[in-house]
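A short worksheet on the structure shown next.
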Amino acid sequence: MDNNTTTLLDLDGLAVERVERLTDGTRRVHLITADETARACPSCGTFASRVKGLVRTRPRDLPYGERGLELAWLKRRWYCHEPDCARKSFTEQVPQIPAGARITARLRRAAALRVRDAGSTVVQAARDLHVSWPTVMSAFRTASREVTDAELPGVEALGVDETRRGRPRWEQDPDTGKWQLTRDRWHTGFVDAFGTGGLLGQVEGRSAADVLAWLSTTPLNWRTNIRYVAIDMSATYRAAIRTGLPHALIVVDHFHVVQLANKMLSTVRRRTTAEVRGRRGRATDPEWKARNRLLRNREDLTHEQFERMWNPLLDEGPIGQRLLTAWIAKESLRTLLALARTSADREQIGHARWKFLTWCADSDIPEVTKLAATSGRRWWRV
Ligand SMILES: [Zn+2]
């Protein structure tokens, strides 16, 4: 018996007897049992002492090296001599190769983890590891249960967000010739927004019922520990959280608020160009030239970039002035959010909020007024 080779193969309970090179280059590793407990009857636990015969199995293992490696395990079949035991005989088994298994436990595990943790498809994992599709799928199912059955980690702030699943599909009605949206699938994801719990769950759909259905699968004490729920500005999610987690404070994450403000700016720009110039924007229009700078954060613009945005717009007249008014609304909303994030001084936050709301109210731009209504009133401390 070669100890080094046994260590190299590292299959618990089995020892390498010798390694043979076949004519096609494949290495065949001859194995013998090196685990005393393999002799214990799986039914009654009695150690057997009389051999009934020998069985040769060729369990598949992880690929190793460039040429094939195959295992040949000569295992014994034993008589169980315990008079009360129903089992008359049994073959040896070790944890890595249970009775009847045709692949090693570590190969099964590796196949499962490729799919579960490394994002491989089942087909690809089967191809890479030279096992069948059903083998990989069943191993993956077992390994997935470790994650899905695991207890949810304690969460203080729950994040709820939607993700589109696949592309939307349009189909034309052959009779009317009208196009219809036939498939637009959305999922709702639940994440640990502050902690390290990551993705906690994902369900099909994005209705209030879908959110509530997932929440109902979680333990009550887990739900009562949630203090905040971060969502985008969706009225549906807000309604669902109010019902399912009535004690939690709903917060809108700042990213989505700023995104909304930027959308508002682009809408104002397009509408104003259309109204004043009577056409779509062109590359020579000052508002078109400034379109990207308008969306950047003030502090990310250099002094020069800021001037290149501000001055031409100011000189442009009504278009530029309207855009700068909208831009200031966006920036004062960002100031308000930054204050809310860093400071606990309610008076200071209240003042910033008042400044933002009055600026928007006086702007006389419908999109800006709407932004104030959505982000500053309806969603503020909802
Ligand atoms: Zn027995």
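The values are calculated or read from the model by the stated rules, or taken from the named source; none is laboratory data. Computed from a predicted model, the values in this text were never measured in an experiment. Using ideal geometry, Cβ is built from the backbone for each residue, glycine included, and neighbour counts are taken over all protein chains shown.
Confirm whether P318 is in contact with a Gly (Cβ under 7 Å, 6 or more places away or on another chain) and either modelled with pLDDT of 85 or more or of a type in the set (V, I, T) (or both).
no
Consider only pairs whose beta carbons are under 9 Å apart and that are at least six residues apart or on different chains; among these, list those whose first residue lies in region 271-282 and is under 18 Å from E367 (Cβ atoms) and in the same structural domain as G317 (by TED's automatic domain parsing) and whose second residue is loosely packed, with under 11 Cβ neighbours inside 10 Å and not basic (K, R).
T272/P318; V276/P318
Filter region 49-96 down to the residues that are more than 27 Å from L22 (Cβ to Cβ) and among the polar types (S, T, N, Q) and list them by number.
Listed by number, the residues that qualify are S49, S89.
Report those helices (runs of 4 or more DSSP H) wholly inside region 222-320 carrying at least 1 residues which are closer than 24 Å to G195 by Cα.
Fully inside region 222-320 and qualifying: 235-244, 254-277.
For every residue, the table says whether it meets (1) assigned to a helix (DSSP H, G or I); (2) touching a helix residue (DSSP H, G or I) at 6+ places or on another chain (Cβ under 9 Å); (3) at positive phi.
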site	(1), (2), (3)
E82	no, no, no
A86	no, no, no
F90	no, no, no
A101	no, yes, no
R106	yes, no, no
R114	yes, yes, no
D128	yes, yes, no
T135	yes, yes, no
R145	yes, no, no
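For the subset of region 25-78 comprising residues that are among the aromatic types (F, W, Y) and buried (at least 16 other Cβ atoms within 10 Å of the Cβ), which member is nearest to the ligand (Cβ to nearest atom)?
W78
Suppose we keep only residues that are within 16 Å of A40 (Cα to Cα) and not β-branched (V, I, T) within region 97-111. Which one would you say is farthest from the ligand (Cβ to nearest atom)?
So the residue we want is P98.
Is it true that E82 is over 30 Å from G25 (Cβ atoms) and over 20 Å from the mean Cα position of the chain (by Cα)?
Criteria met by E82.
Hey, among H187, H81, which residue is within 16 Å of the ligand (Cβ to nearest atom), over 30 Å from G68 (Cβ atoms) and either surrounded by fewer than 13 Cβ atoms within 10 Å (Cβ to Cβ) or of a type outside the set (S, T, N, Q) (or both)?
That would be H81, the only listed residue that is within 16 Å of the ligand (Cβ to nearest atom), over 30 Å from G68 (Cβ atoms) and either surrounded by fewer than 13 Cβ atoms within 10 Å (Cβ to Cβ) or of a type outside the set (S, T, N, Q) (or both).
Among all residue pairs at least 6 apart or on different chains, which show Cβ distances below 8 Å where the first residue, located in region 243-267, is crowded, with 19+ Cβ neighbours inside 10 Å and the second is among the polar types (S, T, N, Q)?
Close Cβ pairs (under 8 Å, with a partner that is among the polar types (S, T, N, Q)) amount to G244/S216; V252/S375; V257/S375; L260/T374; L260/S375; A261/S375.
Looking only at region 62-120, count how many residues are without any contact (Cβ under 8 Å) to a residue 24 or more places away in the chain, over 30 Å from A48 (Cα atoms) and assigned by TED's automatic domain parsing to the domain that holds S49.
2
Just checking, which of L181, L215, L200, L220 is of a type outside the set (K, R) and in contact with a helix residue (DSSP H, G or I) (Cβ under 7 Å, 6 or more places away or on another chain)?
Only one candidate passes the filter, namely L215.
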